[in-house]
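Single-structure report; data block below.
The values are calculated or read from the model by the stated rules, or taken from the named source; none is laboratory data. Since the structure is predicted, the reported quantities are computational estimates derived from the model, not experimental observations. Every residue, glycine among them, receives a Cβ derived from its backbone with ideal geometry; neighbour counts consider all protein chains shown. Keep in mind that these areas ignore ligands, DNA and RNA; they rest on the heavy atoms of the full protein, side chains included. Shrake-Rupley method; radii C 1.70, N 1.55, O 1.52, S 1.80 Å.
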Amino acid sequence: LSRISRLAFENLHQFEATHMVTLIYAMHRLRFLSQSNLDDCMRLLEAELATLAPSYCTQLLLVLASMDSEYDKTHAALVEKVADNLDTLNLTSMVELCWAITAKRDRESKGILAQALEAVYAQKPPRNPASLQRMLEVMTDVELEWGDLGVTVPDTWRSAAEESERLAAEKSDVSRLHATLQQLLDELRPEPGTAWQTEVLFQRNLKLGPYYVEFVDKTNGICFEIDHVGRYASNVMRHRHLNMMPPPETFGCEKLAVANLGYWKWNHASDKADQMLVLKQLLAGALAQ
């Protein structure tokens, strides 16, 4: 994957605009897109945005929002173009548009978001978990941050999105990656003379709000998840929501501490000692916020 990525980004000048969007969309989906690679593509894409079909525009919007990038003018131009062609979008692209607008907190596009949500809810919920997981985050964001958009979420959509979240949690229960993380988290102990002095006890897939959080320590209020390829959207908006939620009364803290572990950062930890160091640094950083 590293070799393919290097060859692709070294030869961007040979790619058409649609190929570049497909490339960065795929690399983002694999959590293998760096900010510098995105910047290289955007320098070439800026002059070609007008040639992109609306479906490619929504893919690019999703990537920019997921990377929490600063391409605000590009975002606005893409949303405006897509808004003029809403009736041509399929359901997947419409969901990508809604997710990008809410993740970006693009209040200027409030009317467009309402239109897009109406179009989404007019259709039956898909079986596609990508769209359902993204829409659960969109629904939650609208309820937390957008006020009354005048759009009612059908029970069928809410049920389908919540069921998709539950199934994703079940899948992580049998994941070797998550089993390894659980084993290491269970071995974390305060170490005299070091920076790590916190006693932790993590539970798996605890439900907080609409989300099943992968690892939760109730005493310290730590919510810990890995941004792995099994998630169809980055953790940007999901974790923003967790940061906004008050801890349940059964927690021994006043505020949740949300920690996000990058998949490839974890993958590059060469042995158990490196893995434990990564976990300690990540959790200590979350507690210090």
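For Lys272, a cut-off of 17 angstrom between C-alpha atoms picks up these aspartates and glutamates, skipping any fewer than 8 places away in its own chain: Asp186, Glu187, Glu191. When the GluC sites (Glu not before Pro) in the range 11-53 are filtered for DSSP coil states and for at most 12 other beta-carbon atoms within 10 Å of their beta-carbon, the remaining sites are Glu16.
Summing Lys and Arg as +1 and Asp and Glu as -1 over all other residues whose Cβ lies under 14 Å from the Cβ of Leu279 gives a net charge of -4. Once the Cα-Cα distance is subtracted from the 0.36 nm per residue extended length, the Asn267 to Arg6 segment shows a gain of 92.1 nm. The modelled label-to-label distance for the pair Ser159/Leu44, using points 7 Å beyond Cα in the direction of Cβ, is 4.8 nm. In this structure His19 has an accessible area near 90 Å², from a 1.4 Å probe over the protein heavy atoms. Charge tally around Phe9: other residues with Cβ under 14 Å, Lys/Arg +1 each, Asp/Glu -1 each, net 0. For the range 182-289, what does the alpha-carbon gyration tensor say about shape, rounded, prolate or oblate, given a ≥ b ≥ c as the root eigenvalues, a/c under 1.5 as rounded, and a/b over b/c as prolate? In terms of gyration-tensor shape, oblate. For Lys255, the solvent-accessible surface with a 1.4 Å probe is about 120 Å², rounded to the nearest 10. Within the accessible surface of the range 1-141, defined with a 1.4 Å probe on protein heavy atoms only, the carbon and sulfur portion equals 50 percent.
The separation of the range 208-250 from the range 52-122, counted between C-alpha centres, amounts to 25 Å.
Note the listed values (1) 19.6; (2) 20.3; (3) 22.3, then indicate which one is Kirkwood radius over Cα pairs in Å calculated from this particular structure. Answer by label: (2). Residue-wise HN-Hα couplings along the range 27-40, as the Karplus relation 6.51 cos²θ - 1.76 cosθ + 1.60 with θ = phi - 60° gives them from phi, are 5, 5, 4, 8, 6, 10, 9, 8, 5, 5, 5, 4, 4, 4 Hz; Gly and Pro carry x. Summing Lys and Arg as +1 and Asp and Glu as -1 over all other residues whose Cβ lies under 13 Å from the Cβ of Tyr56 gives a net charge of -2.
Mind checking the range 207-289 for GluC sites (Glu not before Pro) that DSSP puts in a loop (not H, G, I, E or B) and that have at most 11 other Cβ atoms within 10 Å? Within the range 207-289, the qualifying GluC sites (Glu not before Pro) (loop, at most 11 other Cβ atoms within 10 Å) are Glu249, Glu254. Cross-link partners for Lys81 among the lysines, with Cα-Cα distance under 30 Å and sequence neighbours closer than 8 places in the same chain left out: Lys73, Lys104, Lys110, Lys124.
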